[in-house]
1. For the chain, what's the relative contact order in percent, using C-alpha pairs closer than 8 Å and at least 6 residues apart?
2. Report, in deg cm²/dmol and to the nearest 500, the calculated mean residue ellipticity at 222 nm for the chain, where each DSSP H run with n ≥ 4 adds -39500 (n - 2.57) and the sum is divided by the residue count.
3. Counting Lys and Arg as +1 and Asp and Glu as -1, each charge on the Cβ, what is the dipole of the chain about the Cα centre in debye, to the nearest 20?
4. Among rounded, prolate and oblate, which fits region 1-75 when a ≥ b ≥ c are the square roots of the eigenvalues of its C-alpha gyration tensor, a/c under 1.5 means rounded, and a/b larger than b/c means prolate?
5. So what's the angle, to the nearest 10 degrees on a 0 to 90 scale, between helix 20-62 and the longest Cα principal axis of the chain?
6. Roughly how many Å² is the accessible area per residue of region 1-86, as a whole number, for a 1.4 Å probe?
7. Only one of the listed values, (i) 32, 14, 12; (ii) 67, 38, 21; (iii) 27, 23, 13, was derived from the coordinates as semi-axes √(5λ) of the Cα gyration tensor in Å; which label is it?
8. Determine which lysines satisfy two conditions relative to Lys6: a Cα distance under 19 Å, and not lying fewer than 8 residues away in the same chain.
Amino acid sequence: MDTLRKQKRKLKKQIRAASSEETNGLLVIWRQLKARHSALSRAESARKKRSQKRKNQERFIRDPFQFARQLLQQRKSGTLTVDREELETHLKKTYSDPTREIPLEETTGRVWPAAPGIKFDSKPPSLPEVIAVVKQS
């Protein structure tokens, strides 16, 4: 692929310097090189993709839980520049509830709904019910 890339560059320079009669022939050659280079790069990327897929499959088979953890876990980035005490006070203020132990007061004005008149039917629909619904639509 490196040699094809170098040949393409060399041909581009020749095309710029060539006369109009030579340009057409050089463009044909350049297009052929470009097609060959594209095919090679597609083949190489497919080979790399297959190789990566095989490695991932092996990692998954070896330890599926660690593979999933690495796949879904966020990467750690940056450094923590806060003092430990400041961090602890922030976390305490954010995630603690000083009124946790105090029981809640009874709320007034709350209306409880009446018990249902018909019991909930958890059976699948019967054939006549399905036919009735289909006829309605």
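The values are calculated or read from the model by the stated rules, or taken from the named source; none is laboratory data. Note that the coordinates shown come from a computational prediction; the quantities given were computed from them, not determined experimentally. All Cβ positions, even for glycine, are placed from backbone atoms using ideal geometry, and neighbour counts span all protein chains on display. Please note that ligands, DNA and RNA were not included when accessible areas were found on the heavy atoms of the full protein model with its side chains. Shrake-Rupley method; radii C 1.70, N 1.55, O 1.52, S 1.80 Å.
1. Working: 21 pairs, mean separation 20.6, N = 137.
Computed value for the chain: 15 percent relative contact order.
2. Values: 5 runs with 90 residues, N = 137.
That calculation yields -22000 deg cm²/dmol at 222 nm.
3. Details: 32 positive and 16 negative charges, 426 e Å.
Charge dipole, the chain, about its Cα centre: 2040 debye, nearest 20.
4. Numbers: a/c = 6.00, a/b = 3.94, b/c = 1.52.
Prolate is the answer for region 1-75, as a/c is 1.5 or above and a/b outweighs b/c.
5. The answer is roughly 40 degrees.
6. Working: 7940 Å² over 86 residues.
Here the per-residue accessible area is 92 Å².
7. Checking each listed value against the structure points to (ii).
8. Lys34
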